[in-house]
Amino acid sequence: MDLFANLSLGFSVALSPANLLYCLVGVTVGTLIGVLPGIGPMATIAILLPVTFGLDPVAALIMLAGIYYGSMYGSAITSILLNTPGHAASAVVCLDGYPLARNGQGGLALVISALSSFVGGSLAIILVMTFAPMVAEFGLRFSSPEYFSMLILGLTAAAGLSQGSFIKGIAMVLLGLGIGTVGTDLTSGVQRFTFDNWNLADGINFVILAMGFFAVTEIVFNLEQKGRSTLVHTRFAMADLTAAVRSFARMWGAVLRGFGIGFTFGALPGSGPTIATFVAYSAEKSVARDSSRFGKGALEGVAGPESANNSASIAGLIPTLTLGVPGDAIMAMMLGALLIFGITPGPGVIVDEPELFWGLVASLWIGNVLLLALNIPLIGVWARVLTIPYKLLYPSILLFICIGVFSINNRTFDIGLLALFSVVGYVLAKLDFPAAPVLLGLILGPMIEDHLRRALLMGRGDFSMFFTRPISAILLLATLGIVIYVIVSTIQQARQARARDETEVRQ
Amino acid sequence: MSLSKPLLSGLIFLSLGGFMIAHATGLRLGTVSAMGPGFFPMVIGILMCLVSAVFLGQACTSKHPAVGTISVASVRPLLLVITALGAFAISIDKFGLILSTVLLVTISRFAGDERLGWLPTAVLAAVLSAFVGYLFWYVLKLPLQLWP
């Protein structure tokens, strides 16, 4: 099958009325919940995941993808108008987006953000269509040792390249892997960590953990916060749109750079949109003739990172769908959802499930068009959603979280588990542990154990094959490279901090 | 010796690792070429202990401010949110969806500093229970009781 046959298959799947509707609903609801202050994309997807469990896999994945970029866009709105990023990847947009909004150019910033996301995303979709089948073909050469090394690389990168301390990221990955061993061991049928409670026999669903560690913890942190950022009131007229499009025409360089940076980081296992946006922002700053404008409302500071954000999100589908190794926690949730639907992501997905893969790719593009068509006229509405007082919102969100958790397995035990994870997530967040690696560990844990067991069975217990098989050796070398890089940069930072302390003491 | 962040982190992961190791020893470990059910948890438990050693080392070598005193006032949002979740979990089987929704909304009302007045709370509880009753019980037919 060539690309055009694949594309026509994809569009015939994505344009079927039902799937189009799921895409539209996903984008709209995703944006609506993503806009709510203090509810980031992670929490949004976790809250809405149970809704998709009743659908068939293709429709569910299309809706989930819609929810995903809808919530990313919603998070950008909150960042620009309220200066509170719902996700680390949106933190960069605050830097110039919020000053723009305070100068009365919030509408302009939002349109630029939407257009940049659209262009960056569309270009990334074209590359996904070309590269994903190639990566999948490459992935067919993978066997258990390669998968094991790849997963180790992914987890190490997730722990090392996220914000905060590397060792804390590793600790959280280990916690996730540990939680992943709860339940019936698939090979031996032995119950592990279940304590004779049959509610734990099937293992712990990652949605419950995500709701506890992300959604409930976020709510509690918001409730503790005293001072709230003030909302910048934004009016938007059609005349602003033409002005925005005109200034967007000057943003091409930033958008293209953002797209390139985003795609590169998104396609790499273990890194994701967050790093991509930071790199894109500093790239714009170094390219600009007058870098002092940044932080005060430079449009390139919105366009570049937003293009990178969406491009990286879409590129992240390549390792997630073709190798089964997600780049960040959101992609890990997509992967977890696929596993729930009985689809194991891997090199076979494109060949075995062409409707799923090409349908998803086509619907990504349709979803981005819908997002653009829906959101530019609705900017005023989203801005008004932001004015809903939090004291009205959080009881409602808690209720939907509870019912969502209940609906996964139709049992109340899971709500108790949710309460437990909320407390653990809260305590660890207070101790500055990052939450994303625990989710990656939980979702990937069973896969790692399985591949490790198979690899060691193949090699009759000999660990050397991880280093003698070339692909596996390269992946492990890359892992080592990340570890060394993180350790060296930590030591450098510590040395600089000490030097700073000493000069302060002398003064 | 007061509790600092690295010390507390170290103690948490040391006990988690110890727990994993203790449980894994009760399972069959198997051999390297034929991993038993206890093998992987044992490896994770050992790695957790190693990580906790790093935290404990950090706690010993440099000065970290102690974790501030934990008062009821400082953890009030957490306590009330957890109480609301727990109350919902316990009551939904016995009293049904409507009453547990009212309970959750009423308890979680106290969690924030800015509180909803009693009348808006009642309206919110009524609107939400009507909505979730319609959506989850009537339309989606979740196996839930509506009333006791």
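No lab work stands behind these numbers, since they all come straight from the coordinates. This one's a predicted model, so the numbers in the text were calculated from it and none came from an experiment. Virtual Cβ from ideal backbone geometry, glycine too; neighbours counted across all protein chains shown.
Evaluate Rg over Rh across segment A:1-84, taking Cα atoms for both radii and Kirkwood's formula for Rh. Write out the running numbers ahead of the final one.
Numbers: Rg = 14.5 Å, Rh = 13.4 Å.
Rounded to two decimals, Rg over Rh is 1.09.
Could you state the angle between the C-alpha long axis of helix B:76-109 and the longest principal axis of the C-alpha atoms of chain B, as a value from 0 to 90 degrees rounded to the nearest 10? Approximately 60 degrees, to the nearest ten. Paramagnetic label reach from A:N409 (point 7 Å along Cα→Cβ; backbone nitrogen cut-off under 13 Å): within segment A:195-210, residues A:195-209. Rounded to the nearest 10 degrees, the angle from helix A:166-180 to the longest Cα principal axis of chain A is 60 degrees. A simple count of charges around A:A89, restricted to other residues whose Cβ falls under 13 Å of its Cβ and scoring Lys, Arg +1 and Asp, Glu -1, yields -2. When each of the peptides A:248-261, A:9-22 is scored by how many other beta carbons lie within 10 Å of its residues on average, the order from highest to lowest is A:248-261, A:9-22. In the protein assembly as shown, a dipole from Cβ-located charges (positive for Lys and Arg, negative for Asp and Glu) runs towards its positive end, and of A:L100, A:G183, A:V325 it is A:L100 whose Cα lies farthest in that direction.
Restricting to DSSP loop positions (anything but H, G, I, E, B) with no more than 16 other Cβ atoms inside 10 Å of their own Cβ, which trypsin sites (Lys or Arg not before Pro) remain in segment A:78-186?
Numbers: sites: A:R102, A:R141, A:K168; in loops: A:R141.
Hits after loop and neighbour filter: A:R141.
Determine the equivalent ellipsoid of the protein assembly as shown by diagonalising the alpha-carbon gyration tensor, then write out the semi-axes as square roots of 5 times the eigenvalues, largest first, rounded to whole Å. Working through the eigenvalues yields semi-axes of 34, 31, 29 Å.
Relative to its residue count, segment A:391-462 spans a Cα convex hull of 136 Å³ per residue. For segment B:2-148, the convex hull spanned by the alpha carbon atoms encloses 185 Å³ per residue. Helix A:106-139 and the longest principal axis of the C-alpha atoms of chain A enclose an angle of approximately 30°.
Within 10 Å of the Cβ of each residue in A:448-455, the mean number of Cβ atoms contributed by other protein chains is 3.
Mean per-residue shielding of peptide B:43-51 is 5, counting Cβ atoms of other chains within 10 Å of each Cβ.
Take the Cα atoms of segment B:76-139, build their convex hull, and give its volume per residue in Å³. Each step should come with its number before you reach the end.
Numbers: hull volume 4.5 nm³, N = 64.
With only Cα atoms used, segment B:76-139 gives 71 Å³ per residue.
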